[in-house]
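Below is one structure, written out as structure tokens; the observations come after it.
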Amino acid sequence: MPEITADERGRRAFKIQKERAAEDAIEKIRLGIGQDWMLFSHSDIDLLRSALGDAWVAMNRQVWERCAFTRLDRTDIEEIIRIAKDMYLKEEPRARALSQVIEILRKGL
């Protein structure tokens, strides 16, 4: 069995932190929008999760912690999902798409 390098351990830990941050944000969003959450498909939620994870990587952690995910409304979530579709499925320039997602997330600061 091959040994795991320190670099690989670090990458795995970072990936877990990224996934945890996205899941925490998803839970806050779900609670914030209530019944409207049921309007989103599993694939929409997966796109949202991916966009949030990538935004977490791109953002300053202190800014991320101050984001008011519970204040995002259905329109905000729909916009993030639309941006994510463009970014992941239509190959929208990633940096521009992420800056749009971050702008939405920061609106409540």
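Derivation of every value follows stated rules applied to the coordinates shown; laboratory data play no part. In this text, all values refer to a predicted model and were calculated from it rather than measured experimentally. Positions of Cβ are backbone-derived with ideal geometry, glycine not excepted, and every protein chain shown enters the neighbour counts.
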*Sorted by mean Cβ packing within 10 Å, highest first, what order do the peptides 47-60, 3-16, 84-97 take?*
47-60, 84-97, 3-16
*Measure nothing fancy, just the Cα-based angle from helix 6-33's long axis to the longest principal axis of the chain, in degrees from 0 to 90, nearest 10.*
20
*Mean shadow area of region 6-106, taken as a quarter of the surface of its Cα convex hull (nm²)*: 6.5
*Straight distance only, please: which lysines reach the Cα of residue 107 with their own Cα at less than 25 Å, same-chain residues fewer than 8 apart left out?*
18, 28, 85
*Which residue fluctuates the most in the chain, going by a Gaussian network model with Cα springs under 10 Å, if the choices are 39, 31, 72?*
39
*Cα gyration tensor shape for region 50-104, rounded if a/c is under 1.5, else prolate or oblate*: oblate
*Helix 42-58 vs. the chain, principal-axis angle (Cα, 0 to 90°, nearest 10)*: 60
